[in-house]
Amino acid sequence: MPAHTPHAAAPGGAHDRAAAAPDTDTAPGAGTGSALSATGTAPEAVAPAEAVTPLLRGIAVLHRLTDADGGTLSLSALEKSTGLARSTVDRLTSTLARMGYVRLDGRDVTLTPRLMELGNAYLAALRLPALLSARADALADELDESVSLAVGDRDGIRFIHQATRRRAMSLSFRIGDLLPAERTAPGPLFATRWTDADWTHWRERRTADPADRTFPAVPPREHPTPDEDFVHRTERAAADGHALDDQLIEPGLVALSVPVRDPGSGLLACVASVVSHTSRHPAADLRAALLPRLRTAVAAMEDDLRTAPPSHPEPPRAGLATWTGASKQELGREFVESLARGLTVLTAFGAGRSALTLTQVAGATGLARATARRALITLRHAGLVSPAPDGTFTLTPRVLSLGFPPLSRTSLPEIAQPHLNALADRVHESTSLAVLSDSGEEIQYTARASAPRVLSARVTVGTRLPAHATALGRVLLSLPEVRARGYALVDEELEAGLRAIAVPVRDRTGRVVAALNVALHAARRTTGACETEILPELTRTATAIEADLRVAGHFVHVPPT
Ligand code: PHB
């Protein structure tokens, strides 16, 4: 197999069939065996005897949250939808909170950007987004249409990159969204490689779920379509080397897809699609107008794959799971160590670590071989890892079903808000996030948390102020003196009695993308006290926001406003 696109040779169908095959007929615990699980997974096979039940339950909780509005559910809604006891839900969510994968707000559980590290591990191991997304973005710019990259995921397709033109007319999909193959343009191209077992699985799924309700990313199917339609589209895709979606998802939405082949094996690595609307291009016209340019771009992508240097195997990681013991000591029953250990196994994979043996997984996580083995058996049963004939394991596209679609749409203000709330609680003062306006002359507030005080600066999200007169603005304008000091303090210049101190927030490349301040009444703290008491808290908060931004921004553009 070529070194550069390790997953390319094995279409999703092949892994996942193996992953779902039950080893034994031992009944699974509650919450793991509902007939149709969330996020479009097929009827679940019975868990093997060695499967780690709390890990399966934790995965089920993450799936429910992924499909929920805003990635949030109440504890009681989780209890209902998983069928688990409340005490179990409490322990699973406490464990996920300890891992930084969810936030607990009273009775609500919300996914956090940190969870994207699991999807990032898959995307980094796959390498295709790193190698191909710049070409996809350039094509979207050239055509002024959306362009996406998708991989096959059993009988569905899953997006690994989206270069989206925001248009009012139609829905746009997110990285990690799963679509039924037969309602897409890439689907027939992947189906050219399906085995008989894949086709059987596909027919069974359509019978069990005729309206596509297990695919929350697409509107329900309104009219049944004969199976033969898709069989014919697949035959044509094999002959033509491209495929069309003529409004199969929703009226108006059309797409044209071309396979991107792995240069080493000649097998399908992913599929590139141009997505448009019938008001701009009816389907037939889409092919005539855009197929040549799509083919040229795909040829360039294949060239990029051919010339990419082999992935540098990063030094073996070690001790990923060593923190779990300490958490267990501290939290006792509220910390489900087997869940934490099992999810940590996913983070052992990454760039240059796409195929790992059991020994390598145990080495990276610090888990005993027997523990790592059971975690891998469980993750395989959940369809998240797949074994190769050479004894290694790889992550499957389904890892993206663990929170990635909703989290991939998180903006910087949304990432920052919980950190601002925590800061305002700690220092009992108001705190704000701001960016520079396009002109560079004003700042614009993008998030805010106020302390319950009578006297606090009267700004709200959206408020604009002259940049040069504010601490936030001075940080964003990067005046040399401010840059050297690392913060700006503005004392009663904007308004008598108002004192503010601000620090920069940087993205993963080191660029300043926002500024964070605490503003207070001058009578409450001296400038000296601002520096000794407030500044360390501001810096700590900026660091926490930056850590989230680093994870969220690995493969996704995070909107600054
Ligand atoms: C998309 O990228 O949004 C897309 C791709 C293929 C389709 C439909 C939508 O068939």
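The values are calculated or read from the model by the stated rules, or taken from the named source; none is laboratory data. For clarity, every value in this text was computed on a predicted model and none was experimentally measured. For neighbour counting, all protein chains shown are included, and Cβ atoms are generated from backbone atoms with ideal geometry for every residue, glycine included. SASA here: full protein model, heavy atoms, side chains in, ligands and nucleic acids out. Shrake-Rupley method; radii C 1.70, N 1.55, O 1.52, S 1.80 Å.
Overall, the chain carries a charge dipole of about 1080 debye about its Cα centre when +1 sits on the Cβ of Lys and Arg and -1 on the Cβ of Asp and Glu, all other atoms neutral.
Charged side chains reduced to their Cβ positions (Lys and Arg at +1, Asp and Glu at -1) give region 154-255 a dipole of some 560 debye around its Cα centre. In the chain, a dipole from Cβ-located charges (positive for Lys and Arg, negative for Asp and Glu) runs towards its positive end, and of W323, A191, A255 it is W323 whose Cα lies farthest in that direction.
For the pair A49 and S76, a Förster radius of 25 Å applied to the C-beta separation gives a FRET efficiency near 0.20, rounded to the nearest 0.05. Taking amide H as placed 1.01 Å from N in the peptide plane, the amide H of A351 sits under 5 Å from that of A125, each at least 5 places away or on another chain. Computed 3J(HN,Hα) for region 540-552, one whole-Hz value per residue from the Karplus formula 6.51 cos²θ - 1.76 cosθ + 1.60 where θ = phi - 60°, is 4, 5, 4, 4, 5, 5, 5, 5, 4, 5, 5, 5, 5, glycine and proline marked x. Taking amide H as placed 1.01 Å from N in the peptide plane, V109 has its amide H under 5 Å from the amide H of L73, S74, L75, each at least 5 places away in sequence or on another chain.
Cα axis of helix 412-427 to longest principal axis of the chain: angle in degrees, 0 to 90, nearest 10? Its long axis makes an angle of about 40 degrees.
Apolar share of the accessible surface for the chain: 52 percent from carbon plus sulfur atoms, 1.4 Å probe.
Which longest uninterrupted range of the chain lacks any GluC sites (Glu not before Pro) assigned by DSSP to a loop state (not H, G, I, E or B) and surrounded by at most 16 other Cβ atoms within 10 Å? The segment 223-440 is the longest one with no such site. Taking the C-alpha atoms only, the angle from helix 86-98 to the longest principal axis of the chain is near 70 degrees. Of the peptides 250-260, 209-219, the order by per-residue mean of other Cβ atoms within 10 Å, starting with the highest, comes out as 250-260, 209-219. With every protein chain in place and a 1.4 angstrom probe, the accessible-area ranking of R506, R64, R205, R540, largest first, reads R540, R506, R64, R205. Taking θ as phi - 60° and the Karplus parameters 6.51, -1.76 and 1.60, the scalar couplings of region 321-336 work out to 9, 6, 6, 5, x, 5, 5, 4, 3, 6, 9, x, 4, 6, 10, 8 Hz in sequence order, x denoting glycine and proline. The dipole here belongs to region 247-395: it is taken about the Cα centre, uses +1 on the Cβ of Lys and Arg and -1 on the Cβ of Asp and Glu, and is about 280 debye.
Rounded, prolate or oblate: which fits region 52-92, taking a ≥ b ≥ c as square roots of the Cα gyration tensor eigenvalues, rounded meaning a/c under 1.5, else prolate when a/b beats b/c? Because a/c hits 1.5 or more and a/b fails to exceed b/c, region 52-92 counts as oblate.
Surface exposure of region 147-210, expressed per residue as accessible area with a 1.4 Å probe, stands at 34 Å².
Using a cutoff of 8 angstrom between alpha carbon atoms and counting only pairs six or more residues apart, the relative contact order for region 125-217 works out to 22 percent. Under the rule a/c < 1.5 gives rounded, and otherwise a/b versus b/c splits prolate from oblate, where does region 297-443 land using the Cα gyration tensor? Oblate is the answer for region 297-443, as a/c is 1.5 or above yet b/c matches or exceeds a/b. With r as the distance between the Cβ atoms of S439 and W323 and R0 = 51 Å, compute the FRET efficiency 1/(1 + (r/R0)^6) and round to 0.05. The value I calculate is 0.65. Look at the dipole of region 180-302 built from charges on Cβ: of P224, V271, W202, the Cα furthest out on the positive end belongs to V271. When the charge dipole of the chain is built from unit charges on Cβ atoms (+1 for Lys and Arg, -1 for Asp and Glu) and taken about the Cα centre, the candidate among F404, T296, L520 whose Cα reaches farthest toward its positive end is L520. Taking a ≥ b ≥ c as the square roots of the eigenvalues of the Cα gyration tensor, region 427-550 is classed as rounded, since a/c falls below 1.5. For region 247-370, the per residue solvent-accessible surface stands at 43 Å², with DNA, RNA and ligands left out and a 1.4 Å probe.
Amide H to amide H distances under 5 Å link V260 with A269, C270, V271, A272, where only residues 5 or more positions off or on other chains count and H is placed in the peptide plane.
Sequentially through region 240-252, phi angles give Karplus couplings (6.51, -1.76, 1.60; θ = phi - 60°) of 8, x, 8, 8, 10, 10, 9, 6, 7, 8, 7, x, x Hz, Gly and Pro residues having no value and appearing as x.
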